[in-house]
Amino acid sequence: MTPEQLPVEQYDAQLEEKVIRLRTLMTPFAAPEVEVFRSPVSHYRMRAEFRLWHEGDDLYHIIFDQQTRERIRVESFPAASQLINAVMPRLIALIRDNKVLRHKLFQVDYLSTISNQIVVSLLYHRTLTEEWQREAEALRDALRAEGFDLHLIGRATKTKICLDRDYVDESLPVAGKEIIYRQVENSFTQPNAAMNIQMLEWALEVTKNASGDLLELYCGNGNFSLALARNFNRVLATEIAKPSVASAQYNIAVNGIDNVQIIRMSAEEFTEAMNGARKFQRLEGIDLQSYQCETIFVDPPRSGLDTETVKMVQAYPRILYISCNPQTLCDNLATLAETHKVEKLALFDQFPYTHHMECGVLLTRR
């Protein structure tokens, strides 16, 4: 298989293999049947990164084979969005003969949206000069003249030159409402927009009869917080990364949502605060005791929840857990199953044609 091909005819079989694997992993927890959410079979990734290869006068995108580390030339990339595929050849054509822009250019990152905005980041092994900036502005203007809603960034060691802005504003239709999400380049965003919509709608569906407030850990740019706000009186959400917190605050305002509060804290710090082990200035003016959180939502990194956070999570009647690593989810469930049972189980095919699985469980207190 080349980068210009996807094994579309194998998609159903590969998805079924993931379903069987997840079902097997969840057997010890008496989980219900898996709800399966399919990905588009192509053009599903909203972001992509490529190394650039210089060969004489030629310049082109490459990727490396994961097994052999062999260099593979990429002219198109059907896993990436239609917009990324449209910009790729035009960007190369405009840079190839431009000595200023191509000098020591080694990587290009693309971040796109289904609302047709794109940020392109050019990465260099050299200092970026005023001459570079003039040529980069001309490049951006040329691509805009071709109809692309495009923003350009230059990066080098300890340097970031943002010609206009370093973000896109995505607009997702979620259960009958359009939600705007600011997504900053080089920060975490859900890569598969179609799957993200299905994840948000599943989370809404399984919490539609919830009561009280929602506590959310690892909220990122407010991806789930904003969508779930309609099902709860209030949402209290935590996130440690500053760019994500800033995006979340913007997203709350632009969507006119008045019942979501974001705190810049790690899950571990919040656990300490809830347990009374430490006091934090960041919590001044926030009355944690006023929240009646009967549901907690977690979407942790691949490592899963730490031991203390698992204990804290067990205090809540309902636990909604999204996981990008079913193995660490199962490690956490070994403890959570002592107090809670698995009511819902879903598989979200966020990463087609790979072994990676994204899944969701709803747990209720026994």
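The values are calculated or read from the model by the stated rules, or taken from the named source; none is laboratory data. Being a predicted model, the structure only gives us computed values, none of them experimental. Note: ideal-geometry Cβ built from the backbone for every residue, glycine included; neighbour counts use all protein chains shown. The protein model used for the area step is the full one, side chains on, heavy atoms only, and it has no ligands, DNA or RNA in it. Shrake-Rupley method; radii C 1.70, N 1.55, O 1.52, S 1.80 Å.
Once the convex hull of all Cα atoms in region 167-306 is built, its volume per residue stands at 114 Å³.
Working note: Cα gyration tensor of region 108-176, eigenvalues times five, square-rooted, sorted largest first, giving semi-axes of 26, 14, 8 Å.
Is there a quick way to get the dipole size of the chain? I mean about its Cα centre, with the Cβ of Lys and Arg at +1 and of Asp and Glu at -1; what is the value in debye to the nearest 20? Spell out each step's value before the answer.
On the way: 40 positive and 49 negative charges, 113 e Å.
So the dipole magnitude of the chain works out to roughly 540 debye.
Annotation: amide H of residue 167 within the under-5 Å range of 185, sequence separation 5 or more or interchain, hydrogens built in the peptide plane. Expressed as a fraction of 2.2 N^0.38 Å, the C-alpha radius of gyration for the chain is 1.07. Overall form of region 51-161: oblate. Here a/c, set by the Cα gyration tensor axes a ≥ b ≥ c, is 1.5 or more, and a/b is not larger than b/c. Helix 82-95 and the longest principal axis of the Cα set of the chain meet at an angle near 30°. Here the contact order of the chain, divided by its residue count and restricted to Cα pairs under 8 Å and six or more residues apart, works out to 16 percent.
Taking amide H as placed 1.01 Å from N in the peptide plane, residue 358 has its amide H under 5 Å from the amide H of 348, 350, 351, each at least 5 places away in sequence or on another chain.
Of the accessible area of region 84-228, computed with a 1.4 Å probe over protein heavy atoms only, carbon and sulfur atoms account for 48 percent.
By the scheme Lys and Arg +1, Asp and Glu -1, what is the net charge of all other residues having a beta-carbon under 14 Å from that of residue 261? Mind showing how you got there, number by number?
Values: positive: 234, 264, 282; negative: 213, 216, 239, 258, 284, 287.
Summing Lys and Arg as +1 and Asp and Glu as -1 gives -3.
Annotation: region 1-58 has a Kirkwood hydrodynamic radius of 15.0 angstrom, from the mean reciprocal C-alpha pair distance.
What shape does region 235-366 take by its C-alpha gyration tensor, where a ≥ b ≥ c are the square roots of the eigenvalues and a/c under 1.5 counts as rounded, a/b above b/c as prolate, and the rest as oblate?
oblate
Residues whose amide H comes within less than 5 Å of that of residue 219, counting only those at least five positions distant or on another chain, are 238, 239 (H built at 1.01 Å from N in the peptide plane). Which angle between 0 and 90 degrees, to the nearest 10, do you get for helix 193-206 versus the longest principal axis of the chain when only C-alpha atoms count? The answer is roughly 10 degrees.
A straight line joining the Cα centroids of region 1-69 and region 288-302 runs 31 Å. Working note: Karplus 6.51/-1.76/1.60 with θ = phi - 60° gives region 43-56 the couplings 6, 9, 8, 8, 9, 7, 10, 9, 6, 10, 10, 9, 9, x Hz, where Gly and Pro are set to x. Relative to the dominant Cα principal axis of the chain, helix 242-254 is inclined by about 80°.
Placing +1 on the Cβ of every Lys and Arg and -1 on the Cβ of every Asp and Glu, with nothing else charged, gives region 194-255 a dipole about its Cα centre of roughly 120 debye.
With N set to the residue count of region 17-86, report its C-alpha Rg divided by 2.2 N^0.38 Å to two decimal places. Numbers along the way, then the final one.
Numbers: Rg = 18.6 Å, N = 70, 2.2 N^0.38 = 11.1 Å.
With N residues counted in region 17-86, Rg over 2.2 N^0.38 Å equals 1.68.
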